[in-house]
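Colleague: Pasting a structure here, questions to come.
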Amino acid sequence: MADAKKLYIKTYGCQMNVYDSERMAEALEGDGYEQTQDMAEADMILLNTCHIREKAAEKVYSDLGRMKPLHDAKPDLKIGVAGCVAQAEGEEIMRRQPMVDLVVGPQTYHRLPEMMKAVNAGGQALDTDFPPEDKFDHLPKRVLPARNPSAFLTVQEGCDKFCAFCVVPYTRGAEVSRPADRILLEAEALVERGVREITLLGQNVNAYHGHKDGLAGLIWKLSEINDLKRIRFTTSHPNDMDDALIDAHGTCEKLMPYLHLPVQSGSDRILRAMNRKHTADDYRDLIGRIRDARPDLLLSGDFIVGFPGETDADFEATMQLVRDVHYGQAYSFKYSARPGTPAAEKEDVPADVATARLHELQALLSAQQYQTQADMVGRKVEVLFEKKGRQRGQLIGKSGYLHAVHAEAPEAMIGTVQRVRIVNDLTNSLTGELVA
Ligand code: SAH
Ligand code: SF4
Ligand code: F3S
């Protein structure tokens, strides 16, 4: 289409936003928009935002500020704000930045085509409802060729856990699971488009209850799709790791040996203050049971340092938990007080103390990550090739443990799983050779 309008989407935050951005692009296709990677040529810019920490939320306003000259030069340029900042701040966004035409929350983006009518007529549109209808029922079917053999699929949204520090229950609303049969249809459509690996997404994905046997039931059902080679899921809460799911890690061949299971802190006192509803030893026991089922599983996690009231002893308990568990990969953050959450009322740990703790924890986690990666050298692993590498003749893909792996291989192997012997560890990725 020669006269297609160009849509530029910038995605912040978690994988759920990555999925939502794809769906928003599909929803706007009917309106004649096609995606561009170049903001300068866009007719519409959509920021799909994250509210999890103060910096993430403020980034949106600074990015909007930087778009001002672009908007001045092209007054027809439409600017939309979607995602969790849209949900949390609504009208405030248009007040702070009047050039914004559209504000849409994570549960209402199926209404984008309708909202665009108001915007195209020169007005503004705002929708941050938690509507009774299911947005997934109103989104267009997924028919475009896949850009990557690996895709995200949202199966569960929202959260009822109310950790004392977290905005997600407010921005994404209550826990809702999509029915398994709809997910199967979407998965089959993805596989027909060339997808070979699906990562099931949810803020609390293992609380999924759209199948009578929970997330494990859904995984087993998906594993019956022949050309679907790999299944992953993220993010999980320790209290929702049921026996069936642990068992699937040992018995379901298509379920990859990688698990992101955040614990946040190793101190029982802080875990209680965070409203996590489990102890550090509960978590240690759980990890033990998961590793009994799947000894080579690579474990990932999230940590917060400097939660209000965290003492040196509490922090040391976190360090000890990390030493005991040994993570292959992990994220760690300095606590950021979020408006409206219970922890925001409490007094913060001094910033320099929190910073020092973050550095100490990150050094330990990095050492564990490098160790895990170095241990891969010499091993034979299965790699799903995703695209061409930067060097000629090289493809890049992911191992079951989610390590990026480069290897010389014919282009026809993109989208296939191959056995690869790991020969070198390059810090950010591994290199390997095809095993005949
Ligand atoms: N649903 C996921 C987490 C979503 S948020 C879960 O429960 O694991 C991703 C991570 O951001 C969290 O695991 C936590 O480590 C971090 N996080 C959330 N709120 C935060 C805050 N107020 N300050 C700092 N980090 C935070
Ligand atoms: Fe946030 Fe806790 Fe829910 Fe995760 S489980 S989304 S950290 S409230
Ligand atoms: Fe951020 Fe919302 Fe995801 S706050 S982490 S984009 S659920």
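The values are calculated or read from the model by the stated rules, or taken from the named source; none is laboratory data. Predicted model only: the values in this text are computed from it and were never measured. Positions of Cβ are backbone-derived with ideal geometry, glycine not excepted, and every protein chain shown enters the neighbour counts. All accessible areas refer to the heavy atoms of the entire protein, side chains included, with ligands and DNA or RNA removed. Shrake-Rupley method; radii C 1.70, N 1.55, O 1.52, S 1.80 Å.
Colleague: From the list Ala174, Ala164, Ala121, which residue is of a type in the set (A, V, I, L, M, F, W, C), in the same structural domain as Val81 (by TED's automatic domain parsing) and either free of Cβ contacts under 8 Å to residues at least 12 places away in the same chain or within 16 Å of ligand 2 (Cβ to nearest atom) (or both)?
Modeller: One residue alone meets the criteria, Ala121.
Colleague: List the pairs whose first member sits in region 1-29 and is closer than 17 Å to Asn204 by Cβ, whose second member is part of a helix (DSSP H, G or I), and whose Cβ atoms are under 6 Å apart, counting only residues at least 6 apart or on separate chains?
Modeller: Asn17/Gly83
Colleague: Condition check: among the basic types (Lys, Arg), open to solvent by less than 30 Å² (accessible area, probe 1.4 Å) and touching a residue at least 24 places away in the same chain (Cβ under 8 Å). Does Arg142 satisfy that?
Modeller: Against the criterion (among the basic types (Lys, Arg), open to solvent by less than 30 Å² (accessible area, probe 1.4 Å) and touching a residue at least 24 places away in the same chain (Cβ under 8 Å)), Arg142 qualifies.
Colleague: If you don't mind, another one. Of the numbered conditions (1) touching a helix residue (DSSP H, G or I) at 6+ places or on another chain (Cβ under 7 Å); (2) of a type outside the set (D, E, K, R); (3) at negative phi; (4) modelled with pLDDT of 95 or more, Phe162 fails exactly one; give the number of that condition.
Modeller: Single failed check for Phe162: (3).
Colleague: Based on this model, can you work out whether Gly415 counts as in contact (Cβ under 8 Å) with a residue 60 or more places away in the chain, assigned to a loop (DSSP other than H, G, I, E, B), over 30 Å from Phe333 (Cα atoms) and open to solvent by less than 90 Å² (accessible area, probe 1.4 Å)?
Modeller: Yes.
Colleague: Filter the helices (runs of 4 or more DSSP H) completely within region 261-350 down to those with at least 3 residues that are small (Gly, Ala, Ser) and more than 11 Å from ligand 1 (Cβ to nearest atom).
Modeller: 280-293
Colleague: Pick from region 101-113 the residues that are away from ligand 3 (no atom under 16 Å from the Cβ) and crowded, with 22+ Cβ neighbours inside 10 Å: which of them is modelled with the lowest pLDDT?
Modeller: Leu112
Colleague: What are the residues in region 115-126 that are assigned to a strand (DSSP E or B) and open to solvent by 20 Å² or more (accessible area, probe 1.4 Å), if any?
Modeller: Scanning region 115-126 gives a single hit, Leu126.
Colleague: Within region 131-142, can one find any residue that is within 30 Å of Val383 (Cβ to Cβ), at pLDDT below 95 and away from ligand 2 (no atom under 16 Å from the Cβ)?
Modeller: The answer is yes; a qualifying residue exists.
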